[in-house]
1. Which residues, counting only those in the range B:1-23, are at the interface with chain A (Cβ under 10 Å from one of its Cβ atoms) and not in a helix (DSSP H, G or I)?
2. Go through the range A:112-141 and count every residue that is without any contact (Cβ under 8 Å) to a residue 24 or more places away in the chain and part of a loop (DSSP other than H, G, I, E, B).
3. Answer yes if at least one residue in the range B:24-31 is assigned to a helix (DSSP H, G or I), among the acidic types (Asp, Glu) and either at the interface with another protein chain (Cβ under 9 Å from one of its Cβ atoms) or under 30 Å from A:Lys33 (Cβ atoms) (or both), and no otherwise.
4. Only residues that are surrounded by 10 or more Cβ atoms within 10 Å (Cβ to Cβ) and more than 10 Å from chain A (Cβ to nearest Cβ): list them for the range B:74-89, please.
5. Going through the range B:59-89 one residue at a time, which ones are among the aromatic types (Phe, Trp, Tyr) and closer than 18 Å to A:Arg19 by Cβ?
6. So how many residues does the range A:151-165 have that are under 21 Å from the mean Cα position of the chain (by Cα) and more than 7 Å from chain B (Cβ to nearest Cβ)?
7. Regarding A:Leu51, is this residue part of a helix (DSSP H, G or I) and within 11 Å of chain B (Cβ to nearest Cβ)?
Amino acid sequence: METLIKNKTESIASFYEARYDQFFIQVARLVSKRGGTLEDAKDLFHDALILYHEKLTQPGFELQSSEEAYIMGIVKNLWSHQIKHDLRSETLVGAPDLMLEESNQIDEPRLYKLVLSAGKKCLDLLSSFYMQHTGLKDIASALGFSSEHSAAVQKYKCLEKIRETIKQNSLHHEDFFE
Amino acid sequence: MRTSLNEIKEIEDYLCNNLNTGDRLIFEARMLLSKKLRKDVELQRKAYSIIQHHYRATLRQQLNVIHDRLFHDPSRKAITKEIINTFKS
């Protein structure tokens, strides 16, 4: 699993570096003009690249505009949203066609921390599968499983574990079960 | 796979629109009749949301490390100065 994550980390690192010189100064200028700080610019730039990277790794995605227009469009959307909300406390919004609907965003950072402490390995595995689109064959190889089927079973066991953690920690929220 | 894992797979197929029309209608009919199934679907939806949150939180940490390295890279001194000056005016 560590090898798998390391490879993916390297890919996001080179993706980021390739765009840093060209786009970060543009984001800085925009944020400065609108009264933000260098830290705001950095956070917005990172969030925009995360969203853009997610889109690029989604099967079937085709960029309809220039990369510059797309990234700066996300930055502007995120900035508009940040005026009303604390961006760092919630799931990203702003890019079109997000995998999850807005209504499914995490409203409880506390819940995430609980799930993280209960099963970081599972979160890493599932994140690799669902967000980075790593194939079951690669996951099986990284985890030392003999087959893709074993990796698939582990994937569903991890989902079950996370689901159960959420359930145990959501029991006091009556509206959750309505 | 044991029954509970098959149920998780089925919910995933439903949430990811991988069921054909007939199976989808049957699944939705079962949801109408079963409060437990409705709860499980919501729990699983929330699980995917947390997975996405985790992925982004992990990436943010990685990008912050890379950013610090590039920002203090001597070969990028000129562009770093330009960025800092952007916020001085």
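Read the figures in this text as sums done on the coordinates, not as results from a lab. Keep in mind that what you see is a predicted model, and the values were worked out from it rather than measured. With ideal geometry, Cβ positions are generated from the backbone for all residues, glycine too; neighbour counts draw on all protein chains shown.
1. Those that are at the interface with chain A (Cβ under 10 Å from one of its Cβ atoms) and not in a helix (DSSP H, G or I): B:Met1, B:Arg2, B:Cys16.
2. 1
3. Initial filter on the range B:24-31 (assigned to a helix (DSSP H, G or I)): B:24-31.
From the residues that got through so far, the ones that are among the acidic types (Asp, Glu) too are B:28.
This time we only want the ones that are either at the interface with another protein chain (Cβ under 9 Å from one of its Cβ atoms) or under 30 Å from A:Lys33 (Cβ atoms) (or both), so: none.
No, the range B:24-31 has no match at all.
4. B:Lys77, B:Lys81
5. B:Phe71
6. To start, the set of residues in the range A:151-165 that are under 21 Å from the mean Cα position of the chain (by Cα) comprises A:155-156, A:158-163, A:165.
Imposing the further condition that a residue be more than 7 Å from chain B (Cβ to nearest Cβ) reduces the set to A:155, A:158, A:161, A:165.
Within the range A:151-165, residues that are under 21 Å from the mean Cα position of the chain (by Cα) and more than 7 Å from chain B (Cβ to nearest Cβ) number 4.
7. Yes; evaluated as a whole, the condition is true for this residue.
The rows are residues; the columns are (1) of a type in the set (A, V, I, L, M, F, W, C); (2) touching a helix residue (DSSP H, G or I) at 6+ places or on another chain (Cβ under 6 Å); (3) closer than 30 Å to A:Glu39 by Cβ.
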residue: B:Lys35; (1), (2), (3): no, no, no
residue: B:Gln52; (1), (2), (3): no, no, yes
residue: B:Leu63; (1), (2), (3): yes, yes, yes
residue: B:Leu70; (1), (2), (3): yes, yes, yes
